[in-house]
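The values are calculated or read from the model by the stated rules, or taken from the named source; none is laboratory data. Because the structure is a prediction, the values reported are computed rather than measured. As a convention, Cβ positions derive from the backbone with ideal geometry for all residues, glycine included, and neighbour counts pool all protein chains shown. Areas reflect the complete protein model, heavy atoms only, side chains present, ligands, DNA and RNA absent. Shrake-Rupley method; radii C 1.70, N 1.55, O 1.52, S 1.80 Å.
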Amino acid sequence: MGKILSGGQILMESLINEGVDTIFGYPGGAIMPTYDFLYDYRDRINHVLVRHEQGASHAAEGYARVSGKTGVCLVTSGPGVTNTVTGVADAMIDSTPIVVIAGQVGASLLGSDAFQEVDVVDMMQPVCKWAYQIRDAKDVAWAVSRAFYIASSGRPGPVVLDFAKNAQVEKAEYEPMKVNFIRSYIPVPETDEESIVNAARLINQAERPLVLVGQGVELGYATAELRAFIEKAGMPAGCTLLGLSALPSDHPLNVGMLGMHGSLGSNKMTQKCDLLIAVGMRFDDRITGKLSTYATQAKKIHFDIDPSEINKNVPVDVSVLGDCKTTLPAVTALLEKKEHKEWREAFRPYDEEENRVVIEPQIHPKEGPLRMGEVIRKVSELTQNKAVMVTDVGQNQMMSARYFKFTQCRSVVTSGGMGTMGYGLPAAIGATFGAPERTVCVFLGDGGLQMTIQELGTIMEQGAPVKIILLNNNYLGNVRQWQQLFFRRRYSFTPMLNPDYEKIAEAYNIPCATVIERKDLEAEIEKMVNTPGPYLLQCAIMEEDNVFPMCFPGHDVDDMVLKLED
Amino acid sequence: MMNDNIFASEMSGSSNVPENKISKFPVVNDGKTWYTLIIFSENLAGVLNQITNVFTRRQLNIESLNVSPSGFKGLHRYTVTCRSDFETMKKVVKQIEKKIDVVLARFYTEDHVYVMEQALYKIETSKLIADHDISKAIRKHEAKIVEVNATYSIVSIEGLPSDIVELRHILRDHGCMLQFVSSGIVAVTKSSHEELNSFLKVRKLQKEAITED
């Protein structure tokens, strides 16, 4: 016989049973009973009070990304939960495990347009992995356990629990539960032995193989398996934005980021390889450019855990379904040892060209205003390339992806598929809780910072050691770049009048400095890194700088532009 | 199990109907094929919405939809017909099967399913009496007149979707139609292999294996 507890208490017990020690939330009417129970659990569950529910959802994402654990949000009904929709959708497209628990009006009021009632399950279903309404206290333990199983297994994703107020206060018997099987849900599809053999055969026959590394490698804890795979067959590998830290940046086989702002070599060679091997990535249009011409010369292998990703955008010759932690070694065992020296050598001229035309002027400019690339690379270096890189969205994100370096996995926290501005600051807060032993640096622009700037309050209250690097160019930089390139420099509502960020930081009691001159950059970054706790470093960067190389939307992926034509 | 074989008749070759055959579905010359989806889900709230969402996202029109309990306790069965192309259907069905509470989703061309539909036609009695072609057409389609009164008559039919549409066109052309309703298509597979049964058996064994661990 289990204990008789209220639904809200069962929620707390169930969360602890799932290993939850940190949650991000914001109280309100329909979740107040649960918050009242939470008050008694403060010694076991650390609740981080955010300043807006969107912040809670992104903080949970940041926490999940760096820790590998499921992030948890607790919010109220109505606007509380609608504010998390952006984070839920973001977590869905980026395969991030979070569980959002939202208050709901009592079951007797459902459907009556009661105060702060919104149809959460129907609203969330299209953007989450699973949504469920708990109307009865006796369902709580089952629903929570099912939620964590679904969120964290297979291809991870967000789950939403809509927790009716009556179910929070009514009592039921509590027995700890552990859901690890759902009849209708197969988290890891069976691997076809033949696909392993076929994949190995194609790789052994290939003369110019190119591996595309996605976040699936990190999600599957298969970074070592990936390295063994590419090293044995001597295969160059490019990374997607979310897969950047799945392979150390300086690994000799790493040929840089793929796609729109990726490296020149990886994109050029996508159109020259004879075999493309995608691992845990989904052929997003930001990676492929024009689909109809994308690597049509090459045979293709796709390793993925999600059957619906196979042949979704790019038809492949061999699909290896399953967990890459087991499928990669299975294929590796059948591979012939190769070097592919000539093929790897063929990347070099492109690397040299990119280095000369794009990279050097970004990271070692001789004159003019500060550039994003030099700031980012300096921060990376002065944190021994070991920090967690969080970004917002836009130029700051692409520049960070290009110039930050990674030596450890689970070091990239960025909004990939959704491109959610305002993600950076709250996600960085979450990351400090998910990886308390690591340095967390967030790069953001003046646009994205202001979208969730209220989370400076959370940073202040928690003393969260977020190193905020504000790349201030007084523009919505990425949109401005597109306006410059594709809209005849008509800067429609992209210039921004900015507030005095130093004063804002001061108001929140966050140490702050502004760098304008290049000569001050290194010392100021060092000061930031050496200052315990949060820090805001504002960098006045070149106003009309552009992210290059760039594959223009709809163009062939190897049609890369390296600089503006004069 | 969750491999690429969601199109159950894929192994048997062409997905198109031979030209000389009479189709079970109304002929629409838009280059698209009629597909029948058979989906099984757990009996939880909101699954239907999740299924129709997949169609909505791709701007695909659902031609007919029928939901009923299945032969298995606790499992619901959905029959959806849709006109599209093979590649799109494959993606749609995989995205449906991905939903947590969907047990199995498959799609078929008409050769591989036995389909049937019911319909009711409410027509004007005066025209039914005056125009013998109407009753001829009703007999020809093996429909039944189930009610006759001074103002209207009700015709009931149970048959192929193509017949039901044909009779609808005839009755409309004769200007006697007051109301028309059809039930939506129901279908069972013609295969001698019962995939759902095998699937549930395997899952039962897998569950037992996990519990024993």
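Here is a list: A:R344, A:R371, A:R377. Which entry is surrounded by fewer than 21 Cβ atoms within 10 Å (Cβ to Cβ), of a type in the set (K, R) and modelled with pLDDT of 95 or more? Break it down into steps so the answer makes sense when it comes.
Numbers: A:R371 fails: surrounded by fewer than 21 Cβ atoms within 10 Å (Cβ to Cβ); A:R377 fails: surrounded by fewer than 21 Cβ atoms within 10 Å (Cβ to Cβ).
The unique qualifying residue is A:R344.
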Over region A:213-239, the set of residues over 21 Å from A:V188 (Cβ atoms) and not basic (K, R) is A:I230, A:E231, A:A233, A:G234, A:M235, A:P236, A:A237, A:G238, A:C239
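For the structure I just gave you, tell me whether A:D192 is away from every other protein chain (no Cβ under 11 Å), open to solvent by 40 Å² or more (accessible area, probe 1.4 Å) and out of contact with any Gly (no Cβ under 8 Å at 6 or more places or on another chain). Spell out the reasoning first.
Numbers: away from every other protein chain (no Cβ under 11 Å): no; open to solvent by 40 Å² or more (accessible area, probe 1.4 Å): yes; out of contact with any Gly (no Cβ under 8 Å at 6 or more places or on another chain): yes.
So A:D192 fails the test.
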Residue count, region B:91-120, condition touching a Lys or Arg at 6+ places or on another chain (Cβ under 7 Å), among the charged types (D, E, K, R) and either closer than 17 Å to B:H193 by Cβ or more than 9 Å from chain A (Cβ to nearest Cβ) (or both), comes to 1
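Give, as residue ranges, the strands (runs of 3 or more DSSP E) completely inside region A:1-52 that count at least 1 residues that are touching a Gly at 6+ places or on another chain (Cβ under 9 Å) and either within 27 Å of A:T452 (Cα to Cα) or touching a residue at least 60 places away in the same chain (Cβ under 8 Å) (or both).
Details: elements: A:3-6, A:22-25, A:46-49.
Strands (runs of 3 or more DSSP E) meeting the threshold: A:22-25, A:46-49.
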Counting only residues that are small (G, A, S), closer than 18 Å to A:A147 by Cα and in a loop (DSSP other than H, G, I, E, B), region A:66-85 contains a total of 1
Of the residues in region A:132-147, those that are within 20 Å of A:F181 (Cβ to Cβ) and either among the hydroxyl-bearing types (S, T, Y) or surrounded by 24 or more Cβ atoms within 10 Å (Cβ to Cβ) (or both) come to A:Y132, A:V140, A:A141, A:A143, A:V144, A:S145, A:A147
Checked region B:44-84 for anything within 14 Å of chain A (Cβ to nearest Cβ), in contact (Cβ under 8 Å) with a residue 12 or more places away in the chain and polar (S, T, N, Q); matches are B:Q50, B:T52, B:S70
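Being of a type in the set (V, I, T) and either under 24 Å from A:I150 (Cβ atoms) or within 14 Å of chain B (Cβ to nearest Cβ) (or both), is that true of even one residue in region A:303-313? Give the steps one after another, and end with the answer.
First, the residues of region A:303-313 that are of a type in the set (V, I, T): A:305, A:310.
Then keep just the ones that are either under 24 Å from A:I150 (Cβ atoms) or within 14 Å of chain B (Cβ to nearest Cβ) (or both); that gives A:305, A:310.
Scanning region A:303-313, I find at least one residue that is of a type in the set (V, I, T) and either under 24 Å from A:I150 (Cβ atoms) or within 14 Å of chain B (Cβ to nearest Cβ) (or both), so the answer is yes.
Among the listed residues A:L497, A:L485, A:L536, which satisfies the condition of being under 25 Å from the mean Cα position of the chain (by Cα) and either assigned to a strand (DSSP E or B) or surrounded by fewer than 17 Cβ atoms within 10 Å (Cβ to Cβ) (or both)? Please lay out each step first, then the result.
Details: A:L497 fails: under 25 Å from the mean Cα position of the chain (by Cα); A:L485 fails: under 25 Å from the mean Cα position of the chain (by Cα).
Exactly one of A:L497, A:L485, A:L536 is under 25 Å from the mean Cα position of the chain (by Cα) and either assigned to a strand (DSSP E or B) or surrounded by fewer than 17 Cβ atoms within 10 Å (Cβ to Cβ) (or both), namely A:L536.
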Looking across region A:10-28 at residues that are touching a strand residue (DSSP E or B) at 6+ places or on another chain (Cβ under 7 Å) and under 20 Å from A:P79 (Cβ atoms), the single one that is surrounded by the most Cβ atoms within 10 Å (Cβ to Cβ) is A:F24
Exactly one of A:A59, A:A114 is of a type in the set (A, V, I, L, M), in a loop (DSSP other than H, G, I, E, B) and more than 14 Å from chain B (Cβ to nearest Cβ), and that one is A:A114
Scanning region A:79-111 residue by residue, those within 14 Å of another protein chain (Cβ to nearest Cβ) and open to solvent by 20 Å² or more (accessible area, probe 1.4 Å) turn out to be A:M92, A:I93, A:A107, A:L110, A:G111
The residue from A:V159, A:V197, A:V169, A:V179 that alone is open to solvent by 10 Å² or more (accessible area, probe 1.4 Å), among the aliphatic types (A, V, I, L, M) and within 14 Å of another protein chain (Cβ to nearest Cβ) is A:V179
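Filter region A:112-130 down to residues that are in contact (Cβ under 8 Å) with a residue 24 or more places away in the chain and within 30 Å of A:G216 (Cα to Cα) and give me whichever is surrounded by the most Cβ atoms within 10 Å (Cβ to Cβ).
To start, the set of residues in region A:112-130 that are in contact (Cβ under 8 Å) with a residue 24 or more places away in the chain comprises A:115-118, A:120-121, A:123-124, A:127-130.
Now restrict to residues that are within 30 Å of A:G216 (Cα to Cα): A:120-121, A:123-124, A:127-130.
On the way: A:V120: 25, A:V121: 19, A:M123: 17, A:M124: 29, A:V127: 20, A:C128: 24, A:K129: 27, A:W130: 27.
Filtering region A:112-130 for residues that are in contact (Cβ under 8 Å) with a residue 24 or more places away in the chain and within 30 Å of A:G216 (Cα to Cα), the one surrounded by the most Cβ atoms within 10 Å (Cβ to Cβ) comes out as A:M124.
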Scanning region A:314-357 for residues that are among the small types (G, A, S) and closer than 25 Å to B:F7 by Cβ, the one nearest to the other protein chains (Cβ to nearest Cβ) turns out to be A:S319
A:L328 meets each of (1) in contact (Cβ under 8 Å) with a residue 40 or more places away in the chain; (2) closer than 30 Å to A:I516 by Cα with one exception, condition (2)
The strands (runs of 3 or more DSSP E) lying wholly within region B:1-91 that contain at least 3 residues that are crowded, with 18+ Cβ neighbours inside 10 Å and at pLDDT 95 or above are B:33-42, B:75-84
When region A:254-291 is checked residue by residue, the ones that are part of a helix (DSSP H, G or I), over 13 Å from A:D351 (Cα atoms) and open to solvent by 10 Å² or more (accessible area, probe 1.4 Å) are A:D285, A:R286, A:I287, A:L291
